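The values are calculated or read from the model by the stated rules, or taken from the named source; none is laboratory data. Bear in mind that the values here come from a model prediction, so they are computed numbers and not experimental data. Cβ sites come from the backbone with ideal geometry, for glycine too, and all protein chains shown count toward neighbours. Accessible surface is based on the protein model in full, side chains and every heavy atom, while ligands, DNA and RNA are left aside. Shrake-Rupley method; radii C 1.70, N 1.55, O 1.52, S 1.80 Å.
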Amino acid sequence: MRVAHVPSTLFAPLYVAAAKGYFAAQGIKVELRKVRAGQDAVPLAASGKVEVVVAGFSAGLFNGVSQGLGVKVAASMGASTGKRPSPTALEVAKRLVAAEKMTDAAGLRGRRIAVAGGAGAAGGYQLAATLRASGLTLKDVTVVNVSIPDMRTALADGGVAAALAPAPFTTAMEAAGVAVPLAVPPKGTTATGVVFSRAFTGKPAARKFLTALRKGAAELQGAGRTSEQNLAILAEATGQSIEVLRNTPPYQWDPQLTPDTGQLMKQQDAYRAAGLLSGKSATADDLVR
């Protein structure tokens, strides 16, 4: 089966399951196909060009499902721990914090904040969840679409005041002295997961795929999240240095990878409040297999 994915430690269960032979043990062959963003991949599933997408959820997913797009959310992926250091963080330019003695995200009102894919991407929801604690919404800031690798430069040259960045890019920004973490998403915040094409949902291969994926998630509980073997697998899958990954706080995964319908509804509400959705809202049953 064809699996589109955006290389990220968020999707560690996929890489662990593939590397440790759990898909093969289920009698299925998985072909991993890299894509730039989740919003690019979901239409591939809807059109049958891939069976599975492992990536972030965007406003386009909610708009599409409400209009009958042929996909279903089948599993969750990495979630924020809510602790510091956090794998995903709102990184603010160090020079700005020093100059204005900024202590929380409320100081970002009216500022430019970088989010990969813009406000309607998965990062847009993570930013909304992070800003909420300071009484801000997406409408109180200017969200700028900046690719994750370019965020560090944008912060350094003043193009943006802050960036919502994932691990391990957060670690790299901080180590370079460019940015400091000002806020983190609340515990359990997630905007990523597994999407099945409608034709694939319900097939025996779909059940076998999830069985193998859950075995990968089981390997990432407790100390398994930072074991040397699993870090080596993630370094290979994401192209990141194992040294950087060792110093990067991990995400957390539900052992059963159960879709988080509460988070899905909050994500949809955040996009609607930002004016990014049209038409009726999708229900949890519309979204989840």
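Matching residues to (1) basic (K, R); (2) more than 29 Å from K29 (Cβ to Cβ); (3) open to solvent by less than 20 Å² (accessible area, probe 1.4 Å):
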| site | (1), (2), (3) |
| --- | --- |
| N63 | no, yes, no |
| V73 | no, no, yes |
| E91 | no, yes, yes |
| R95 | yes, yes, no |
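Among (1) farther than 18 Å from A75 by Cβ; (2) open to solvent by less than 40 Å² (accessible area, probe 1.4 Å); (3) not polar (S, T, N, Q), where does G56 come up short?
Against the list (1) farther than 18 Å from A75 by Cβ; (2) open to solvent by less than 40 Å² (accessible area, probe 1.4 Å); (3) not polar (S, T, N, Q), G56 comes up short only on (1).
Kindly evaluate K72 against the criterion of being at negative phi, in the same structural domain as P204 (by the TED database) and charged (D, E, K, R).
yes
From D269, D260, which residue is surrounded by fewer than 20 Cβ atoms within 10 Å (Cβ to Cβ), of a type in the set (D, E) and in the same structural domain as A46 (by the TED database)?
D269
Quick check: is even one residue across region 281-288 open to solvent by 50 Å² or more (accessible area, probe 1.4 Å) and touching a residue at least 40 places away in the same chain (Cβ under 8 Å)?
Scanning region 281-288, I find at least one residue that is open to solvent by 50 Å² or more (accessible area, probe 1.4 Å) and touching a residue at least 40 places away in the same chain (Cβ under 8 Å), so the answer is yes.
Just wondering, is there one or more residues in region 33-49 that are open to solvent by 20 Å² or more (accessible area, probe 1.4 Å), under 28 Å from A284 (Cα atoms) and β-branched (V, I, T)?
yes
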